Every structure is written in structure tokens, then in C-alpha cells.
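*Asks:* Structure below; questions to follow.
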């Protein structure tokens, strides 16, 4: 469903992503790990078509992001890291706008979809509030609601559980897991337990390169008995000060 | 068109979601009508809006950048640009939709000043053709200024910078044909002075407020608007 081939991105002399390749199929939940600044977000942004790669290709269901951006954007749901939304709009106004902009025009369908995601993301209590008045956890869930609104076949979530309390984290993970059956999902995270809990595959990027691409079981088996955090630290610690 | 409407609607209503839109409308109205009154709208004893129209470009100089500065800078700053750019909408439709929304807002501001035209019609017997062509000129010059503001807004995440730069550009473009510059340009050969004044917003605007809808003026405003919007699209595609 998603094929990423030797994707590179440079900003002037700084190489943020130095050749990332992977493919994921329907039903997979890919955990995208790596230290801050490793190139996770940049890679995700290139797959969504927000950033154009310096070289390499990304395809979603066979459509190249560079040559068919609109086709790709139709099929992808994206939760940006900043959980970007328009502060002065209410939750319902915002979701209606996203639905319309995604080409859902029939009133019935809009209210169906909205009702569905509002329940899934537990937004009933705040649906009439403006987004600027919401807590971080709610904002994050508005972002998630916006990403799954059009039932995309590919979901790209940049730190979906960031800022949520443990109960909300649990709920969101359950939600993601529940949707995985007929979607390909890429999520980035810093929480390694999250990978164990829901991911079917782990990719670790460090300094713009893929250093690990395997199942969470294989990943844990690298150092039997060790915590997943320790393995992560060993793999990515070359340049840190700790 | 399908993808244009949702953005247009959201942007247009956006002006009224916060007090900013109302404040801008009120200030514009007070300035436009107030300046006309204080500069001899009654004293001139003429049933015309000439005085009002003569101030419009100078008020627009500030009013249009104030309207247009948020179009892209706001999205750049808050990061919502990421959301917009990952919706299945082409960049050109997004640019055009935002432009039309802001233009519509300016249309409302202009429409409110029509009270002055009605007053004039009540007090005397104005040349309505001239008034209509004057308002048409206002809309055109507004569109052209707005395309400049939209472009400046797309280049920064700071609304203040977008405002200041677009005021500067609009000011320069307007002043190209004014008396003030003419005195400076006097030393230049006439041919060059003529070319320069052909690029003046003010001269084309004044032709139209005199009741003449010239092809030169019309095409000047439309092509400058289209050109700035095209650069806007290219910048966002980077």
C-alpha cells in the first residue's frame, strides 16, 4: 500500500533524511521510532505530499506523491505533530470544513461521518466548543478525528498519543488497533511500550537512515531479557551525550 | 470549483469568527466616509463621489494589507498549513479560494460605503454611471492590492511583516503616478516618465473614477492581480 524508495531530503547542506526505504501492506501498523531529529517527521511529511523529497519516491496505492499528489492525498489521513487546527473554529465547524474540503458534500453523509468520528474519538462533550478552549488531549483527538474522517486506506500519525493521559492513550491505541484491519498505518512515537502494545512492525531511523526494520518480537529478541528501551538506546546512542 | 468552495466559505466566515473583521470594517467605514466629509463633500456643492473616490486608494493602502496579511502567514505560524496542504486540494485552488474570500470581505466593506452614494442621490442628481464605474475601479484596485498582500503573507509566518511589506509595495505602486513623484521624475525624459506612469495604480484608477472604463486600465488591474497570484502559487509549491 505504501512504498517508500530511497527517500532523501536535504535542507541546504543539512541532510535530514539520507535514503529511507520500506514498504507496508494492508493490516500492518508500523511503529516509526528514532531520537528527536532523526528524520521521522520529515519522512512522514514527504509521504503525505506536504514536503517534496530531494530524491527518491513515495507511492501510496501505486500513486507517486510527486506526480499524483491529489490522488495520494485523497487516500491518506494525516495527523500532524502540531495537531494543527484553526483555534477560532468549533470542533464541529472544523470537522465539517475538513469533510467538505475532502469532497464529502452530501449533508447526510457529513453528519454520518462526523457522528462516527466524534464518538470514536470521544469528542461528544466538546463538539460545540472552539478549538482554542480545548485541552491538549482534546486537541490531539480532534486532529485524529480529522485524519480518519474520510476513512482513508493509509493513516499517517505523527505522535498520536502525545499529550494524552494514560486512559486516553489506552483508548487511542485501541482505536488505532481497531482500524488496522483494512488500513496501512504508520505512527511515530517516543513511547516504546506503545510499539509493543500495537505495532506489527518496528522501524528505527537514526540520523536519517533506517537502522532496524523488523517485528517487535524480533526486536525484543535482540537482547533477551532486556527492556525495549535499552535496545533502543544501544542502537541510537552513538552520538548522544548521555 | 468543488474544492474551492469549502476553503472560500471557511476563510470568508473566518473574518467574522473573531472581532478583527468587524473592527476592520468599522475603521474602514469611518475613515472612508469621514475623510470624504471633512474634505468638502458638502462644501463642494457637487452631487458626486469624487472626493470619496480620491481617498479610496490611500485608505486601501492600509486596509487591504490588513485584510490580506493573515491569509497565509497565520497558517504558516500555527502549522495548519500542513493540514491544508495534505487535503486533496491543489495549491492554485487554495490560493484562489483564499483570495476570493478576502476580496468578498472587501466587497462588503465597499458595499457599506454605498450609503454615501445613496445620500448623494437623495441630495442631488449624481451621474450614476460615474459612481458605478468608480466602485468597479475600487474593486479592481482592491483585488490587485490584495494579490500583493496575499503574496507577502505567503512568504512569512509573521503577519506584521506581511502587513508592512505589502503596504510598502502597494504604496510604491500607487505613488508611481502621483504628483509627488511626477515632480521628481520631471528631470527624466518624457518617454520614460510616460512608461513609469503606465504602471501607476493611481492613474488607471483615476481614469475609471472619471467614468471611463478603459481597456488599458481594466487589463492593467486584471493582469497585475493574476501575476501576483501566480507568483503566490509558485512560492507555495516550493
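Since every read-out is calculated from the coordinates, none of them should be taken as a lab result. Remember, it's a predicted structure, so these values are computed and weren't measured experimentally. Cβ coordinates were reconstructed from backbone atoms using ideal geometry, including for glycine residues, and neighbour counts include every protein chain displayed.
*Asks:* Give me a single rounded figure for A:62-74: the average over its residues of other chain Cβ atoms within 10 Å of their Cβ.
*Replies:* 2
*Asks:* Take B:122, A:86 and order them by how many other Cβ atoms sit within 10 Å, fewest up front.
*Replies:* B:122, A:86
*Asks:* According to a simple spin-label model (label point 7 Å from Cα along Cα-to-Cβ), what is the distance in nm between residue B:18 and residue B:92?
*Replies:* That separation, rounded to one decimal, is 3.1 nm.
*Asks:* Another question, if that's okay. If you wrap a convex hull around the Cα atoms of the range B:1-102, how much volume per residue is inside, in Å³?
*Replies:* Hull volume over Cα atoms, normalised by residue count, gives 114 Å³.
*Asks:* Right, next: Considering only DSSP beta bridges where both residues belong to the protein assembly as shown, give the percentage that are antiparallel (nearest 5).
*Replies:* If we restrict to bridges inside the protein assembly as shown, about 55 percent are antiparallel.
*Asks:* Mean 1/r over all different Cα pairs, inverted: what Kirkwood radius does chain A give, in Å?
*Replies:* One decimal place: 18.5 Å for the Kirkwood radius.
*Asks:* Please find the FRET efficiency linking residue A:15 to residue A:135, where r is the Cβ-Cβ separation and R0 is fixed at 51 Å, and quote it to the nearest 0.05.
*Replies:* 0.85
*Asks:* Related question: Would you please report the Å³ per residue occupied by the convex hull of the alpha carbon atoms in the protein assembly as shown?
*Replies:* It comes to 184 Å³ per residue, whole-number rounded.
*Asks:* Please give the FRET efficiency for residue B:214 paired with residue B:45, using the beta carbon to beta carbon distance and R0 = 22 Å, rounded to the nearest 0.05.
*Replies:* 0.15
*Asks:* Shifting gears a bit: Per 0.36 nm of contour for each residue apart, how much would the distance between residue A:196 and residue A:215 grow if the chain were fully extended, relative to their Cα-Cα spacing?
*Replies:* 5.9 nm
*Asks:* Take peptide A:94-103, look around each residue's Cβ out to 10 angstrom, count Cβ atoms belonging to other protein chains, and average those counts.
*Replies:* 5
*Asks:* If I fit a long axis through the Cα atoms of helix A:107-120 and take the longest principal axis of the Cα atoms of chain A, what angle between them do I get, 0 to 90°, rounded to 10?
*Replies:* Roughly 50 degrees between the two axes.
*Asks:* Here's something else I'd like to know. Fewest to most neighbouring Cβ within 10 Å: what's the order for A:194, A:234?
*Replies:* Ordered from fewest to most neighbouring Cβ atoms within 10 Å, A:194, A:234 come out as A:234, A:194.
*Asks:* By how many nm would the segment from residue B:237 to residue B:123 lengthen if fully extended, with 0.36 nm per residue of separation less the alpha-carbon distance?
*Replies:* Net length gain for the segment: 35.7 nm.
*Asks:* For each of A:55, B:78, count neighbouring Cβ atoms within 10 Å of the residue's Cβ, then give the residues from fewest to most.
*Replies:* Ascending number of Cβ neighbours within 10 Å: A:55, B:78.
*Asks:* Within 10 Å of each Cβ of B:87-98, how many other protein chain Cβ atoms are there on average?
*Replies:* Rounded to a whole number, the mean comes out at 3.
*Asks:* Shifting gears a bit: Among DSSP beta bridges lying fully in chain A, give the percent that are antiparallel, nearest 5.
*Replies:* Around 55 percent antiparallel, to the nearest 5.
*Asks:* Given R₀ = 60 Å, what would the calculated FRET efficiency be for residue A:68 paired with residue A:227, taking r from the Cβ atoms and rounding to 0.05?
*Replies:* The calculated FRET efficiency here is 0.90.
*Asks:* On to the next question. Could you state the angle between the C-alpha long axis of helix B:215-237 and the longest principal axis of the C-alpha atoms of chain B, as a value from 0 to 90 degrees rounded to the nearest 10?
*Replies:* In chain B, helix B:215-237 runs at an angle near 20 degrees to the longest axis.
*Asks:* Here is a further query. Determine the calculated [θ] at 222 nm for the protein assembly as shown from helices alone, applying -39500 (n - 2.57) to every DSSP H run no shorter than 4 residues and normalising by the residue count; nearest 500 deg cm²/dmol.
*Replies:* Value at 222 nm, helices only: -18500 deg cm²/dmol.
*Asks:* Shifting gears a bit: Diagonalise the Cα gyration tensor of the range B:4-237 and give the resulting equivalent ellipsoid semi-axes, square root of 5 times each eigenvalue, largest first, whole Å.
*Replies:* With the √(5λ) rule applied to the range B:4-237, the semi-axes are 31, 23, 15 Å.
*Asks:* Return one number: the angle in degrees, 0 to 90 and rounded to the nearest 10, between the long axis of the Cα atoms of helix A:136-148 and the longest principal axis of the Cα atoms of chain A.
*Replies:* The answer is roughly 80 degrees.
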